[in-house]
Every structure is written in C-alpha cells, then in structure tokens.
Amino acid sequence: MSPHPAALPYPDGPRLLADVGASNIRFALETAPTCFGSTAVLSCADHDSLESAIRAFLQSQNLAGVRHAALSLPNPISGDQIKLTNHPWEFSVEAMRRAFGLQTLLAINDYTALAMGLTRLDPHERIQIGGGDPLPGAVVGVIGPGTGLGVSALVPFQDRNVSLTTEGGHASYPAQDDDEALVIAHARARYGHVSGERLISASGLELTYEALALRSGHQPANRRAPEISAAALADVPDPVAHQALSMFCAMLGTAAGNLALTLGAQGGVYIGGGIVPQIAGFFAQSAFRARFEAKGRFQPWLARVPTWIVAAPRAGLRGASAMLDDHLTADHGAGPLLVDIRASMDKLSASERIVAQDLLSAPRAWMSDSIARIAERCGVSTPTVMRFCRSLGFKGLVDFKLRLGSGLSGTTKVAHREVSADDPTAERIGKIFDNSISALIGLRDRLHPDVFERAVTALANARRIEVYGTGSAALAAEDAQHKLGRLGLAALARTDAQQQNLTSIYLGAEDVLLVLSNSGELDSINEAVARARHAGTAVIAVCPQRSELARLADTVLPVDHPDDVQALVPMVSRLMQTVMIDALVSDLALQRRPLIHRALAHQDDQRFDALSSHSR
C-alpha cells in the first residue's frame, strides 16, 4: 500500500514496528503514515531474546533509537509480563521500553492488530469469496488459521474503530458430519478438549490428515502442513491430503459463520493468517462458503455477508502501525482542542506550524516532554514553542499541557501490575505509582455523576452522619470524620465492630450512614447496615460494586481494586477511599460555602471580642 500523497514524515522520527511469527520476525521503520522506509526479516532461531532481535535490527539501520514502537505478538496480552507461546522468550513490556529509551511501547495481540489494519487495506489487497456488499458502519469479523487460530473484530465507535482482543480460537468446535466426528474423536483422545484451533490451524491440518490416513488403514506419513497442502494441490493429488485440506476449508467456514452470527458482522468477515492466501484458488472452490452459510433459518442472512481473504503483504506490520497511530493520536476528550489547532494552522507562523504538526502526530507523547526536548525535536527555539502555546490562548506550555492532559488522561489503561521483590528498584517504584494512578483514573471513569450528586445531597441534609470502617478502611473513616466536621456537619467515625452494631440501633430516617469497606463482605458491618436500612437510614457505601454491602446500600460509590491482602504494603483501595471522601467533601464545601463563611466571620468576631476584653 503506497503512502497517502499528503503523508508527511513523522516529526518525532520513524516508528519501530515488529510482527513476531513462529519462525521469523518482520521489522519495519515507518517514516510516515503507511510508509515503511526500511524492512527486514530476522530468524527467531538466531536470537536468544526478542530484545536481542530488536537491537540487531536497529543496529543494522544505524539507528540509535526511536520514540515509539509496537510489537504484534501471537499471544494473549494480559499484563506487563509476556511469555511467548511459540518461543522460549519472555519479557516485561515496561523493562523493554526503558531498555530502548522508548516513549511508547505497545504489545498487541497479532489478530487485534490485523483487525485494526483492515482500515488500511487497498481494494486489490483482498479477495472476495461470496456474499454481497458490506453494510456501512457495521461490525467486521476477523479469523485466520496459522500456527494457531486467531479471532478478532473491528467495531465502529463514534468517529473511530476499536479492535477486540479475543481468544475465540479456543472455543469448542462442533462436528458437522461423520468425517469431522472421526477427526474430533481422534483429537479428543489426544488432547481432551477440542477447540477450533486444534483443527483449523497448521497443526490441525496435520492432525486431520493423520486421522484420515489411519481410517484408510495406512500408517500416516509424518507430513507437515505445507507438505499436505502441496500434495493436495498437485496435478495428481494425494486423496488423503486432498480430503484433509477440503475438511480444513469447510471447518473454517463453520467457524467463520459462527463468528459472523455472534458478532452480527454485517460488515463482512476477513480471513487472515499464513495458510489461506497460499491456497486461495483451492479455497475459493472449497466448501468454505457453503459451510459459512449453513446455519438453518439464518442462511439468507449469512448469504448477504461478504467474506474476504486478506492478501496484503506485511498485514501484521500494517496492523501494528494502525494500533500505534490510534494510541498516539486518539484524543478521547481533547478533541475540541486538537480541532482548534488544526483549524488555526493557516494563522500560525511557519515555525509554529512545525510545532503544531509535531503535537498532532502524537499528542499523548507531549505530556512528558520538556520544552527543550520539543524545541530540539522540531528544530525550533524554545520561545517558538512558547509562542505556539500563546497563539492558542494559553499562558505557556504548562497551562497548555493541563488542558491537553485533561482530555488525554482517559486513554490511560487501568491495569494492576504485581510488585515483586525481584523487580529492580526503579521498576518497583514505577509499578507502585502506576498502580495508584491507573486505579484513580478507573475510579473517576466508573463514578456516575448522578450517583455522586445523590450522595452529596444526602450528606448535606443529614441530621447526623455515622461513618463506619474497619481495618485499613478505619483510617479513611477517621479522615472522613475530620473533614466533614470541618464543614460543620455532625459526623462521627465508628471503627469498632461492637460500636457499629450498637450505634446502628439508634439511627433513623434523618440520618446518613457512610460505610467504607475494602471487600463489602464483612458480616458485622453488613448486619449493622441492614439494621439501619430497616429504620429508614440512607446508606452510602464506598465499596466494591459487586458485593453484599453494595446490594444493601441506597447509594454505591464503587471502589474496585485487586489489592494484595498478603503484602504488608499500603493498599491502593485506601487511597481510592480517601480520594472519594475528598471529592465528596469538596462538593459539600462548595454547597455550604455561604454557611462556612458566616461561621468563620462569627468566629473572627468572637476572637476580636475576646481580645478586646483582655485589653480593657
């Protein structure tokens, strides 16, 4: 795919992309959108780690370093530590990012990347196999056999696309005829559970061939998948290989049809992976499409859904590029600011436009850059960067970053990373702070304004406020008592289970019970809460939203976090509780400002009267 005619080089330098396969790693340096300046294929066997392979590629390009990189991996991605399924390699994403001095390093499932890369396909890079036209704006399914069976989807969302990370290849596969039942029985005897990946993959083709050969009464030859495909496609085809490859295509049709129905994929289903493009002619004549549509009453619905073979070179790299670009440029709330910048380009000076292009290419990267670094990268002076900010109506770079960050912060991923004693000191510190920051962002995003407002109103109108908390939540309860008391509210913390049990008897309809709990499952507190609710007391719970306490409460302010209860460290949930109390108190203070001002003025008058009486 050639770059867009208007594509400009990335102002912060080329981006590193890598597509890790079973045997080889494809590398590319993307100098502008969809423009791969340098590419290379390195053998996995020649390197003892992924980091070693990356370093070798960068050295071959005489490139000291890059700022942004994305790795497409044939793996589930569920955290920082990644152990590859096809190699003995494992690594920490954060440690690798730091080792190469990267601003951004994304580790992406290969089919999640492939799904996003569909947005960059040219028409000639896909081969349609049946169906009608795709429904504009509809979900698109992606499935593809290779070393395994990858499954993903592309879901339109507002003005962008979101690709799904799934493990759909491991869903159980149902036999559709007697031959498939035979192969599945053969697989079940060896593996137990038979998933789509056990059958619709390179190893699955080998297993199917083996089962069919055994049925014919012959000892099966030890053939690899490429040999089976070649024997099936020969001028005089091997009958067992031909049947195995035919079953492979039919089973893929069944799985692809299931995916289309599950997703409602009226945008079509794309077939990726390394196998199908190599047998495209055979595949088009196979039972794939008939099996895709063979869903009883929904056959007419599926008949309209198009299916394509992805025939694009470097599809994995292109997908990694699309994911990295989406990560760096998604505004998620900073949109109006970025729109204003694009609209004002003609009003900026030539040097200011260079700064603007740098910002628009990767707005999130700006958040951690100093003014000197931005200026150096853009080839302008630091006063030019300041002028750019002031041209947009900001006092300077700090003021500009505050506005930019308020929108971009929503893109931070909420993920708890386990802190290990084996981690380097810098790594441990980073994890502790990152866990706290991501947890607070998650807390903010889950908090519904209407629920929060209801809690504030209840507290503001309460005759008295009892605050319950035990264990580490006791500290947050006492903090709440202090802060609410400073606003002139009658608040009292109860941190002993017996006190909570006794005082709950005397609560009434004019009172509010504010309960802080890490688990929401402590029987003594929940019994007290149930008693207070029975008396008509409003209960506000700061606790996990899927807990017994949440079920009992009138209002739930959700605090969900995977605390390590075995570790003797401050718990992130306590920080979240404290910040939630701060938010409540801040809002209450705004509502009660006139009353507080009158109380402070009265206090000053009393102090003046006392001092005056001493001076007489």
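The values are calculated or read from the model by the stated rules, or taken from the named source; none is laboratory data. Since the model is a prediction, treat every value here as computed from it, not as a measurement. When we count neighbours, we look across all protein chains shown, and the Cβ atoms used for this are built from the backbone with ideal geometry, even at glycine. The area values use the complete protein model at the heavy-atom level, side chains included, leaving out ligands, DNA and RNA. Shrake-Rupley method; radii C 1.70, N 1.55, O 1.52, S 1.80 Å.
Considered as a group, the residues in the stretch 349-407 that are of a type in the set (Asp, Glu) and crowded, with 20+ Cβ neighbours inside 10 Å include one that is modelled with the lowest pLDDT, and that residue is ASP369.
Please verify whether GLY264 is small (Gly, Ala, Ser), open to solvent by 10 Å² or more (accessible area, probe 1.4 Å) and under 30 Å from THR165 (Cα atoms), treating the condition exactly as stated. For GLY264, the condition - small (Gly, Ala, Ser), open to solvent by 10 Å² or more (accessible area, probe 1.4 Å) and under 30 Å from THR165 (Cα atoms) - is met.
Among the strands (runs of 3 or more DSSP E) confined to the stretch 425-544, the ones with at least 3 residues that are β-branched (Val, Ile, Thr) are located at 538-543.
Looking at the stretch 55-72, which of its residues are loosely packed, with under 15 Cβ neighbours inside 10 Å, not in a loop (DSSP other than H, G, I, E, B) and not hydroxyl-bearing (Ser, Thr, Tyr)?
Filtering the stretch 55-72 for residues loosely packed, with under 15 Cβ neighbours inside 10 Å gives 55, 59-60, 62-65.
With the extra rule that they be not in a loop (DSSP other than H, G, I, E, B), the set shrinks to 55, 59-60.
Answer for the stretch 55-72, where residues must be loosely packed, with under 15 Cβ neighbours inside 10 Å, not in a loop (DSSP other than H, G, I, E, B) and not hydroxyl-bearing (Ser, Thr, Tyr): ARG55, GLN59.
Scanning the stretch 520-555 for residues that are among the basic types (Lys, Arg) and at pLDDT below 90 yields ARG546, ARG551. Confirm whether PRO88 is open to solvent by 50 Å² or more (accessible area, probe 1.4 Å), in contact (Cβ under 8 Å) with a residue 24 or more places away in the chain and assigned to a loop (DSSP other than H, G, I, E, B). Against the criterion (open to solvent by 50 Å² or more (accessible area, probe 1.4 Å), in contact (Cβ under 8 Å) with a residue 24 or more places away in the chain and assigned to a loop (DSSP other than H, G, I, E, B)), PRO88 does not qualify. Looking at the stretch 173-188, I want the residues that are within 17 Å of CYS249 (Cβ to Cβ) and have a partner that is open to solvent by 50 Å² or more (accessible area, probe 1.4 Å) and among the basic types (Lys, Arg) with Cβ atoms under 8 Å, at least 6 apart or on another chain. Which pairs are those? That search, which allows pairs on different chains as well, returns TYR173/ARG198. Evaluating MET116 against the criteria (1) open to solvent by 20 Å² or more (accessible area, probe 1.4 Å); (2) touching a residue at least 40 places away in the same chain (Cβ under 8 Å); (3) in contact with a strand residue (DSSP E or B) (Cβ under 6 Å, 6 or more places away or on another chain) leaves one unmet condition, (1). Taken together, the residues in the stretch 204-236 that are open to solvent by 20 Å² or more (accessible area, probe 1.4 Å), more than 16 Å from ALA187 (Cα to Cα) and of a type in the set (A, V, I, L, M) amount to 5.
Of all residues in the stretch 73-85 being open to solvent by less than 60 Å² (accessible area, probe 1.4 Å) and in contact (Cβ under 8 Å) with a residue 40 or more places away in the chain, which is nearest to ARG15 (Cα to Cα)?
Checking each candidate, the answer is LEU73.
Can you say whether ARG188 is in a helix (DSSP H, G or I) and more than 21 Å from ALA256 (Cα to Cα), as far as the supplied structure shows? Considered against the rule, which asks whether it is in a helix (DSSP H, G or I) and more than 21 Å from ALA256 (Cα to Cα), ARG188 comes out as yes. Name every residue in the stretch 64-96 that is within 16 Å of ASN109 (Cβ to Cβ), aliphatic (A, V, I, L, M) and over 20 Å from the mean Cα position of the chain (by Cα), in order of residue number. Once the filter is applied, which keeps residues that are within 16 Å of ASN109 (Cβ to Cβ), aliphatic (A, V, I, L, M) and over 20 Å from the mean Cα position of the chain (by Cα), the stretch 64-96 yields nothing.
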